[in-house]
Amino acid sequence: MTSIQGLRLGGWLAGLVALTALSGQAWADGAPLRTVAVTGSGEVPASPDMARVTLGIESRKPTMAEARSEVSATVDRVLALTRSLKIDPKLVDSTRLQVSPDYAWNEKDRKQVLQGYVVGRQIEVTVKDLDQLGPLLEKAVDAGVNQVGDPQLDSSRRKELEREAMVRAVQDAKLNADTLATAAGAKLGAVRTLNGQSNAMPMPMYRSRPVAMAADVAGAPPAETYQAAEMKFTANVSAEYDLAVAP
């Protein structure tokens, strides 16, 4: 046997002895490693205190100049409306613009014919006082807005609520693990792994319904009242715990 072969064999034997020693130590300390894997969920209800709404203005005219002029005039009125409602200008984004030619199919000539242009603008408004949302939606339509997206409700305490849901999910996972361990005649040990994810339930729409007012003018449409649905922040975790023999 060469000296190099001897070194390799000696190293292999040393590793085997060390592994055997470690394995023997694990068995000497008690039963082999046992774990329990569980999941947990948590939910936190919350009342929304803010909303984001997208207001769209679209104009279809024979010339681009006419379409842009009409849209710009409406945008100016909407921006004036947000100022009158005391909405912070930093919460109003009116930078989205779309321009496209408007074609129609001419069956006689068998070709597309340019009819004019379509110009669109979108204004995204974040409302931090929900009492402003109703007046904003109604008066924006009066100002010329012809596209209104469903308001997306949110909470200024989103991060805090997501973390609270996480805490509840971890507590639920631990309770599930403890229940399984007790049923198996074991004792729950330390947590080995823990993974979690939080999210908000799909944002509830701001529901509206007509309400007849005693002071309504004859023939006038009924006023609108708005009610925000409750939000729910949820979290899900997966965890793995050690199991020990119950005393």
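The values are calculated or read from the model by the stated rules, or taken from the named source; none is laboratory data. Predicted, not measured: the structure shown is a model, and the values here were computed from it. Quick reminder, even Gly has a Cβ in these numbers, built from the backbone with ideal geometry, and neighbours come from all protein chains shown.
Side notes on the structure shown:
- Condition check for residue 100: surrounded by 14 or more Cβ atoms within 10 Å (Cβ to Cβ) and either under 30 Å from residue 237 (Cα atoms) or outside the structural domain of residue 169 (by TED's automatic domain parsing) (or both): no
- Qualifying residue in the stretch 11-27 (condition: over 30 Å from residue 236 (Cβ atoms), at pLDDT below 95 and in a loop (DSSP other than H, G, I, E, B)): no
- Test for residue 95: is it of a type outside the set (Asp, Glu) and under 11 Å from residue 143 (Cβ atoms): no
- Residue in the stretch 227-237 that is nearest to the chain's Cα centre (by Cα), counting only those that are farther than 12 Å from residue 42 by Cα and not acidic (Asp, Glu): 231
- Selection from the stretch 44-76 of residues that are touching a Gly at 6+ places or on another chain (Cβ under 6 Å) and in contact (Cβ under 8 Å) with a residue 60 or more places away in the chain: 54, 58, 74
- Residue count for the stretch 103-125, restricted to those that are surrounded by 12 or more Cβ atoms within 10 Å (Cβ to Cβ) and either not assigned by TED's automatic domain parsing to the domain that holds residue 82 or not acidic (Asp, Glu) (or both): 11.
- Every pair of residues 6+ apart whose Cβ atoms lie under 7 Å, when the first sits in the stretch 155-173 and is farther than 24 Å from residue 190 by Cβ while the second is assigned to a helix (DSSP H, G or I): 155/161
- All conditions in (1) touching a residue at least 60 places away in the same chain (Cβ under 8 Å); (2) under 26 Å from residue 235 (Cα atoms) hold for residue 137, with the sole exception of (2).
- Being buried (at least 18 other Cβ atoms within 10 Å of the Cβ) and in contact with a Gly (Cβ under 6 Å, 6 or more places away or on another chain) is a property that residue 82 lacks.
- Residues in the stretch 125-183 that are among the β-branched types (Val, Ile, Thr) and under 20 Å from residue 94 (Cα atoms): 6 in all.
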